[in-house]
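Novice: Below is the structure I would like to discuss, written out as structure tokens.
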2 protein chains.
Amino acid sequence: MSFSKKPVKGMTDFPPADMRLRESVLAEIKRTYAQYGFAQIETPCMEHIGNLTSKQGGDNEKLIFKVQKRGAALARAWESGDRDELVDNGLRYDLTVPLARFYANNKEQLPSPFRALQIGPVWRADQPAKGRFRQFVQCDIDVLGDATNLAEIELITATSKALSRVLSAAGIKEFTVNVNDRRILQAAALRAGFAEDEVGSALITLDKLDKIGFDGVRAELLENGTSEQVADAYLDLFRDAKRGTFSAAFCNRVDADGLEGISQNLDAIIAAAATLTDEGVYVEFNPTLVRGMGYYTGPIFEVTVDGLGISIAGGGRYDEMIGKFSGENVCACGFSIGFERIITMLKDAGVTSLGEAHDEGAVAFLIDGKTITWQRREALKQAQELRDQGRCVAVLPMRKNMKRQIQTLEAEGFTEFVKVYAD
Amino acid sequence: MSFSKKPVKGMTDFPPADMRLRESVLAEIKRTYAQYGFAQIETPCMEHIGNLTSKQGGDNEKLIFKVQKRGAALARAWESGDRDELVDNGLRYDLTVPLARFYANNKEQLPSPFRALQIGPVWRADQPAKGRFRQFVQCDIDVLGDATNLAEIELITATSKALSRVLSAAGIKEFTVNVNDRRILQAAALRAGFAEDEVGSALITLDKLDKIGFDGVRAELLENGTSEQVADAYLDLFRDAKRGTFSAAFCNRVDADGLEGISQNLDAIIAAAATLTDEGVYVEFNPTLVRGMGYYTGPIFEVTVDGLGISIAGGGRYDEMIGKFSGENVCACGFSIGFERIITMLKDAGVTSLGEAHDEGAVAFLIDGKTITWQRREALKQAQELRDQGRCVAVLPMRKNMKRQIQTLEAEGFTEFVKVYAD
């Protein structure tokens, strides 16, 4: 018999200490989003393989865990000699594809706009690394069916509030919501002289600015066949562009048709969100924010913690994606918190739980002996009464090394010990 | 592009109304088990295929959703021409196999006894039917490393409390915890004249007593080759055996070696649990309770709601299973709530949520117009202030048919509406 003690490669067991932190963070996130009127939904972890491989998921489609057909269908597929025929389902690699299917399937009974909260595991067969797992939790809020920028304002305000509440436990009181618009990025690239079909590649290179700097970006652009003239015109647009301001100045510099309305819309979002978020939350136009996913069609956002240089939440407007799935256009906008990154930050800061799970301290009854005695029954009753009063009580057999047992229990959060000896 | 709107066969989308009920029931179950000192853990949804196919899972092993290898490993497996080589993982079909692996993997850092709570989805490729899904949630508590009957008493008491709290919302105030011991069942079968290797089959037939009655059981026994003499001796043991009493009378009638201690242990569990559970919870010896799984080694339990004739929770002691997995013997005992059945009962009774999610009533701001006006900013600020006071507030674009919009929102739980018109 082949028995493996370790979890499947890249996946994690969560012992009680981890679960206390994770559950308390999830509770705070759920509480916050409920306050903003987002309604929780859930979809199955498995999706039709056809839905997952429709080219909407970009590179994530290469990382799908595929589920085999069963029984006679599997036997037929095997006989057919076609490898692709062997699978019918796959584990979801994000929560956006299932949301699009859910909305198409349940639209009639959902309000418009529909404000959805999804929390659940997703799977990607990525190379595991520190903080990168093959099963990980995503927390997404999405507004479907709202074409106005109320959607963006509410998404930014709600996500900022959830992050403020959670991160303050780690002593992190400041973070930045970077905002940009895919249409501004596109207009800037075209204005500098890129051809339409070069824009995507130019943006992928620009996205590396934080890591490789202006010289690095310039070198990569030239390597990809961009002329010196276009590369320099492009980089000059960004070179002294200020973050922390509205988009108007940058858009004036780009000076492209139709950009004015886009810029006004974005600045209205920034102004409203800046007013509504807590102190320490900076909502800023960032002209070099790109966001990887190709499906964004308008405003995009990303939350970074200064000093750490990592992104802990991201999102944007993706008005065309649901239509591509379901054939019916529905405008949509979403914001996703990187739950595992938040947990890593809290653990690194020594946070064990957001709330006080055991406000009054948990009680452990330690029972000696193996027989039911009069004393033991009394102890069990007493434990029950304490529970009825709302206390947390565990009734446990007393170990020979009681001192060590108590130390272990104290580490678990037990503060009171009742020792019960048999007659 | 092949896009399917429906979820994968046998699996379910949960819209907000379903999620409100499910989340409120899960919260109550978690709160109760925490009060009894059970610590929540979590394992990945995927397990090594070898762990899932080690013959511990009985028929469930035939229902595994198998996950294909990826990349070069898949290509090699395909070349090998061996179908079994194509998969490396599978989705878990219960929470007990992962618990055994978890315990073997994390034993050093866990207290002894270890009291675990697990809540999570499991998958079985069963034929879908009403109330039977291919992805469903299990809620298990287990005590590992406690050989005394404190484990059984605590498991029964905690599970009964969780069920009392949840079911009272559906007006169900009475249910029965049926208790038996696999060793009594075995002794009775041997005593009636079955050979050792016939006991398993005899128990499977006895398990159908509720459905097919004494005549049906007798007929099936004879069909399986049991002599009339053995069948009648066997059934006579149960024919006028009373439920609702201790096991002593039944065990005296069976009159087999070693049964006295087993009976005393079981009656001590029943006596203690009967004292500790709420009014309306009946803890009773039931000599014909079998429980399907072969891995049970001692006391077994099952909760039934009188009148409904369905089991809503089940468990028992399985001292040898973890050793078979990990090579190291660990005594173990568990109790599992049939979460989906509970949800079905609550929905049938018209229960929409256990708690009051919106105690004060949620507020919807309906915003007219498309531009950011002075009034709109004020409205957003006002919404934010209400949220800071703990209220639930959604800010939404006003629809042309506002009357219908408000009706939809009222159905979602919104009770106050603030209408904001643009200048």
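The values are calculated or read from the model by the stated rules, or taken from the named source; none is laboratory data. Worth saying up front: this structure is predicted, and the values here are computed from it rather than measured. In this analysis, Cβ positions are derived from the backbone assuming ideal geometry, glycine residues included, and neighbour counts consider all displayed protein chains.
Novice: Can you report the number of residues in the stretch B:319-347 which are at pLDDT below 95, crowded, with 21+ Cβ neighbours inside 10 Å and of a type outside the set (A, V, I, L, M, F, W, C)?
Specialist: Here the count works out to 0.
Novice: Continuing with this model, one more query. Of all residues in the stretch A:1-23, how many are more than 20 Å from A:Val122 (Cα to Cα) and either buried (at least 20 other Cβ atoms within 10 Å of the Cβ) or among the small types (Gly, Ala, Ser) (or both)?
Specialist: Residues flagged as more than 20 Å from A:Val122 (Cα to Cα) and either buried (at least 20 other Cβ atoms within 10 Å of the Cβ) or among the small types (Gly, Ala, Ser) (or both) within the stretch A:1-23 amount to 5.
Novice: If you don't mind, there's one more thing I want to ask. Can B:Val217 be described as crowded, with 16+ Cβ neighbours inside 10 Å, of a type in the set (Val, Ile, Thr), under 17 Å from B:Arg291 (Cα atoms) and touching a residue at least 60 places away in the same chain (Cβ under 8 Å)?
Specialist: The answer is no for B:Val217.
Novice: While we're on this one: Take A:Val166 and tell me if it is within 12 Å of chain B (Cβ to nearest Cβ), surrounded by 22 or more Cβ atoms within 10 Å (Cβ to Cβ) and closer than 30 Å to B:Cys45 by Cα.
Specialist: The answer is no for A:Val166.
Novice: Follow-up. With the requirement that a residue be assigned to a helix (DSSP H, G or I), more than 30 Å from B:Ala268 (Cβ to Cβ) and over 32 Å from the mean Cα position of the chain (by Cα), what does the stretch B:219-236 give you?
Specialist: Passing the criteria: B:Ala219, B:Leu222, B:Glu223, B:Glu228, B:Gln229, B:Val230, B:Ala231, B:Asp232.
Novice: Report every pair of residues separated by at least 6 positions or lying on different chains whose Cβ atoms are under 8 Å apart, first residue within the stretch B:325-336 and touching a residue at least 40 places away in the same chain (Cβ under 8 Å) and within 14 Å of another protein chain (Cβ to nearest Cβ), second surrounded by fewer than 22 Cβ atoms within 10 Å (Cβ to Cβ) and not in a loop (DSSP other than H, G, I, E, B).
Specialist: B:Phe325/B:Ala104; B:Ser326/B:Ala104; B:Glu328/B:Ala104; B:Val330/B:Gly323
Novice: Same structure, new question: In the stretch A:270-297, which residues are more than 22 Å from A:Arg165 (Cα to Cα) and crowded, with 23+ Cβ neighbours inside 10 Å?
Specialist: The answer is A:Phe285, A:Pro287, A:Leu289, A:Tyr296.
Novice: May I ask you to list the residues in the stretch A:1-55 that are more than 7 Å from chain B (Cβ to nearest Cβ), under 27 Å from B:Gly355 (Cβ atoms) and in a loop (DSSP other than H, G, I, E, B)?
Specialist: Result: A:Phe38, single match.
Novice: Any chance the stretch A:76-98 includes a residue that's in contact (Cβ under 8 Å) with a residue 60 or more places away in the chain and either among the aliphatic types (A, V, I, L, M) or outside the structural domain of A:Thr32 (by TED's automatic domain parsing) (or both)?
Specialist: yes
Novice: Let me ask you something else. Using the structure shown, decide if A:Asn265 is within 30 Å of A:Tyr36 (Cβ to Cβ), in contact with a Leu (Cβ under 6 Å, 6 or more places away or on another chain) and in contact (Cβ under 8 Å) with a residue 40 or more places away in the chain.
Specialist: Criteria not met by A:Asn265.
Novice: Next up: Any residue at all in the stretch B:388-399 that's more than 30 Å from A:Ala332 (Cα to Cα) and within 12 Å of another protein chain (Cβ to nearest Cβ)?
Specialist: Within the stretch B:388-399 (the criterion being more than 30 Å from A:Ala332 (Cα to Cα) and within 12 Å of another protein chain (Cβ to nearest Cβ)), the answer is no, since none of the residues qualifies.
Novice: For the stretch A:348-355, state whether one or more residues are crowded, with 16+ Cβ neighbours inside 10 Å and hydroxyl-bearing (Ser, Thr, Tyr).
Specialist: Yes, the stretch A:348-355 has at least one match.
Novice: Now a separate question. Here is a list: B:Leu95, B:Leu144. Which entry is touching a helix residue (DSSP H, G or I) at 6+ places or on another chain (Cβ under 9 Å) and more than 8 Å from chain A (Cβ to nearest Cβ)?
Specialist: When all the criteria are applied, what remains is B:Leu144.
Novice: Checking the condition among the hydrophobic types (A, V, I, L, M, F, W, C) and part of a strand (DSSP E or B), which residue from A:Val418, A:Val351 passes?
Specialist: Selected residue: A:Val418, the only one of A:Val418, A:Val351 that is among the hydrophobic types (A, V, I, L, M, F, W, C) and part of a strand (DSSP E or B).
Novice: Quick check, is A:Ala394 at pLDDT below 90, outside the structural domain of A:Val143 (by TED's automatic domain parsing), of a type in the set (Gly, Ala, Ser) and outside any loop (DSSP other than H, G, I, E, B)?
Specialist: no
Novice: While we're on this one: Would a scan of the stretch A:130-142 turn up a residue that is free of Cβ contacts under 8 Å to residues at least 60 places away in the same chain, buried (at least 21 other Cβ atoms within 10 Å of the Cβ) and more than 30 Å from B:Asn89 (Cα to Cα)?
Specialist: No, the stretch A:130-142 has no match at all.
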